[in-house]
Each structure stands twice: as C-alpha cells, then as structure tokens.
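Here is the structure we will look at.
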Amino acid sequence: MPRLAALATTRQTALPGAVSRYVGVPALDDVLHRIEAEATRQRELFGNEPGARGIEWAAAQIRSALSAQGEEELTLAEATRRSGYSEDHLCRLVRTGRIPDLRDPPGRGAIRIRARDLPIKPAARQIHGADAHGLASRPSGGTEGHHGH
C-alpha cells in the first residue's frame, strides 16, 4: 500500500502550464493526475489490469488532445477572440518577444500566435458576454435588484 500512496502523489507527465492556461482550467492537470492515480488504485488494490489500462489510455488521449490544441497556430483575430486582449496588446507582446513570433521571417507578414503561448485575460475566462451594466443590475444576495426593487 505505501507504493500506491507514492504513485498517487507522483505526477507522471505534467501538462505544459500554458496549455492549462489556454483551456482556462488550471486544475485540469490535477484532475488528470487523479485519474491516473485511480488507474494505479485499480491495478494495485483490485488487480484490475484491464480497467487500469483503459483509464491510462483515456488520460493519455486527453493529454494528447490538449497538447495538439496548444500547438494550434492562431491568426491575430482568433487570438484576440480567445484571449480577451486587444490586437494592439497582442502585437505589442509579439514585438517585445513576450509571445513568440511564428512569422517566417520574423517581423514580416500576418502575425500568427501558438495557442499555448496565448495569455488569457482573467475576465475573459470568467465572464463571457457580460457588460458592466448587466453585472451591476444583477441581484447580489437577496431578491432585490440593482435599485432595491
């Protein structure tokens, strides 16, 4: 059983941080580790080798899909939509080297940004399609609206 505890806390293949940030679910890597720990548990506690292999296969498929998604090259317009940052801001980040410039040769042609390198604005991750007025007029606890009605 000590081996199970050690394996359950060992991270086998971590997702790149930018991939987790890109999908907007920072805890996704932790979820995958818990899934992989369950495979170990199935194998060691219950002798369920086929079940453990199935769980490991599924976790590997998710990791592979996330990695491929992180490698996707985005246009500036798509990067703006996904990140929540303006085109000007993303251009500035490319120009200053904070985001890798995928153009060949660098500095010429339309900007392309790898999805895993894209910063995600915190507000873009949390609130989609909400404006300040809409947020202010929502009830904030009881049954009363913005103006006490």
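Coordinate-derived values only; no laboratory data. All values reported here derive from a predicted model rather than from experimental measurement. A quick note on method: Cβ atoms are made from the backbone with ideal geometry, for glycine too, and the neighbour counts reach across all protein chains shown.
Key figures
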quantity	calculated
Amide proton proximity set for ARG112, modelled H, under 5 Å, gap of 5+	LEU102, ARG103
Estimated inter-spin distance, ALA27 and ALA58, nm [label 7 Å along Cα→Cβ]	1.8
Simple Cβ-charge dipole of segment 73-124, Lys/Arg +1 and Asp/Glu -1, about Cα centre, in debye nearest 20	100
Paramagnetic reach from ALA68 in segment 102-121 [backbone N under 17 Å; point 7 Å along Cα→Cβ]	115-116
Karplus 3J(HN,Hα) series, Hz, for segment 75-88 with 6.51 cos²θ - 1.76 cosθ + 1.60 (x for Gly, Pro)	6, 4, 5, 5, 5, 5, 5, 6, 8, x, 8, 6, 4, 4
Rounded FRET efficiency, nearest 0.05, which uses the C-beta distance separating ARG34 from LEU102 and R0 of 41 Å	0.75
